[in-house]
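K.L.:
The structure under discussion is supplied below as structure tokens; questions concerning it will follow.
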Amino acid sequence: MKKLNKIFCFILIFLYFALSAKSEEKDVIMNLMKRPLNYLDLGVINLEKDLEKSIDRIIKLFTSPLLTNLIEDRKDEVETSVVYNWRKTAVIASVSIPVSRGLQERDYLSSSNKCRELFDQVRYTLLRTQPQSTLSESQVASYLVERFYPPSNQPWALPESYRKSLVKVVFLEVVLRPTNKYALSQKVSPISCIGNLSVERSNIKVVYNSLNY
């Protein structure tokens, strides 16, 4: 009888902690559901999704057609992130791509051109759904309004000054980072190119010895 009582007590204790844990999990979910998603969060999430779509295009450009089966494997090599930088008052959408050559000082011109080319390719992927065929500040503003405002509340009548300011606070950054083997053997550092989405290709800023990777 005592043995049965002990078993019964054990079952009750187990059920109590199991139900208690389940209740806490439900509280967490309910708490998350009550939290408002601000428009900055929404824009960051949408930009992250769009950046991920650009990875396929980047890899296809630099992968032999005979090796297209490697694309899925190579996706893990490309890193993406979208963050809000409080110090710079800017949203920075970053794509970091590993390279195994071309980052030495003598390669400055070619690596700069390659970085800007990749910047253009990522930008093209982001803006490809826009009706305008020519890159413009208006095209970029329309894209960003779609990303930072929910479909039910997209303010198409925003003041032009506001739309221009939105373009100025969102930056695209492409980082060419050396693979571990390349960095150790040649002592090279990554480079990055950065600018807002409407910047002319020749004005995309190139930074050597970038640490943002």
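K.L.:
Output the residue which, of all residues in the range 77-94 that are part of a strand (DSSP E or B) and of a type in the set (A, V, I, L, M), is farthest from Asp50 (Cα to Cα). Quick ask: steps written out before the conclusion?
P.N.:
Initially, the range 77-94 is screened for residues part of a strand (DSSP E or B), giving 79-85, 90-94.
Going one step further and asking which of them are of a type in the set (A, V, I, L, M), we end up with 82-83, 90-93.
Working: Val82: 10, Val83: 14, Ala90: 18, Val91: 14, Ile92: 13, Ala93: 10 Å.
Restricting to residues being part of a strand (DSSP E or B) and of a type in the set (A, V, I, L, M), the top hit is Ala90.
K.L.:
Can you tell me which residue among Ile204, Ile191 is among the aliphatic types (A, V, I, L, M), modelled with pLDDT of 90 or more and in contact with a Leu (Cβ under 6 Å, 6 or more places away or on another chain)? Before the answer, list the steps.
P.N.:
Details: Ile204 fails: in contact with a Leu (Cβ under 6 Å, 6 or more places away or on another chain).
The match here is Ile191.
K.L.:
Yes or no: Tyr124 within 24 Å of Leu40 (Cα to Cα) and of a type in the set (Phe, Trp, Tyr)? Steps first, please.
P.N.:
Values: within 24 Å of Leu40 (Cα to Cα): yes; of a type in the set (Phe, Trp, Tyr): yes.
For Tyr124, the condition - within 24 Å of Leu40 (Cα to Cα) and of a type in the set (Phe, Trp, Tyr) - is met.
K.L.:
Got a sec? Which helices (runs of 4 or more DSSP H) wholly within the range 101-213 have at least 3 residues that are of a type in the set (Phe, Trp, Tyr)?
P.N.:
Values: elements: 108-127, 137-148, 160-169, 180-186.
Result: 108-127.
K.L.:
Within the group Ile71, Ile97, which residue is assigned to a helix (DSSP H, G or I), β-branched (Val, Ile, Thr), at negative phi and at pLDDT below 90? Let's see the steps before the verdict.
P.N.:
On the way: Ile97 fails: assigned to a helix (DSSP H, G or I).
None of the others qualify; the one that does is Ile71.
K.L.:
Something else about it: List the pairs whose first member sits in the range 97-124 and is touching a residue at least 40 places away in the same chain (Cβ under 8 Å) and within 19 Å of Lys181 (Cβ to Cβ), whose second member is outside any strand (DSSP E or B) and of a type in the set (Phe, Trp, Tyr), and whose Cβ atoms are under 8 Å apart, counting only residues at least 6 apart or on separate chains?
P.N.:
Close Cβ pairs (under 8 Å, with a partner that is outside any strand (DSSP E or B) and of a type in the set (Phe, Trp, Tyr)) amount to Val99/Tyr182; Ser100/Tyr182; Arg101/Tyr182; Leu103/Tyr182.
K.L.:
Among the listed residues Leu197, Leu166, identify the single one that is surrounded by 18 or more Cβ atoms within 10 Å (Cβ to Cβ), under 20 Å from Asn38 (Cβ atoms) and among the aliphatic types (A, V, I, L, M). Break it down into steps so the answer makes sense when it comes.
P.N.:
Numbers: Leu197 fails: under 20 Å from Asn38 (Cβ atoms).
Leu166 is the lone residue from the list that is surrounded by 18 or more Cβ atoms within 10 Å (Cβ to Cβ), under 20 Å from Asn38 (Cβ atoms) and among the aliphatic types (A, V, I, L, M).
K.L.:
In this structure, is Leu158 farther than 26 Å from Asp56 by Cα, surrounded by 12 or more Cβ atoms within 10 Å (Cβ to Cβ), among the hydrophobic types (A, V, I, L, M, F, W, C) and modelled with pLDDT under 85? Don't jump to the end; show me each part of the working.
P.N.:
Working: farther than 26 Å from Asp56 by Cα: yes; surrounded by 12 or more Cβ atoms within 10 Å (Cβ to Cβ): yes; among the hydrophobic types (A, V, I, L, M, F, W, C): yes; modelled with pLDDT under 85: yes.
In short, yes.
K.L.:
With respect to Val122, determine if the residue is within 15 Å of Ser192 (Cβ to Cβ), at pLDDT 90 or above, under 22 Å from the mean Cα position of the chain (by Cα) and surrounded by 14 or more Cβ atoms within 10 Å (Cβ to Cβ).
P.N.:
Working: within 15 Å of Ser192 (Cβ to Cβ): yes; at pLDDT 90 or above: yes; under 22 Å from the mean Cα position of the chain (by Cα): yes; surrounded by 14 or more Cβ atoms within 10 Å (Cβ to Cβ): yes.
For Val122, the condition - within 15 Å of Ser192 (Cβ to Cβ), at pLDDT 90 or above, under 22 Å from the mean Cα position of the chain (by Cα) and surrounded by 14 or more Cβ atoms within 10 Å (Cβ to Cβ) - is met.
The values are calculated or read from the model by the stated rules, or taken from the named source; none is laboratory data. All values derive from a computational prediction rather than experimental measurement. For neighbour counting, all protein chains shown are included, and Cβ atoms are generated from backbone atoms with ideal geometry for every residue, glycine included.
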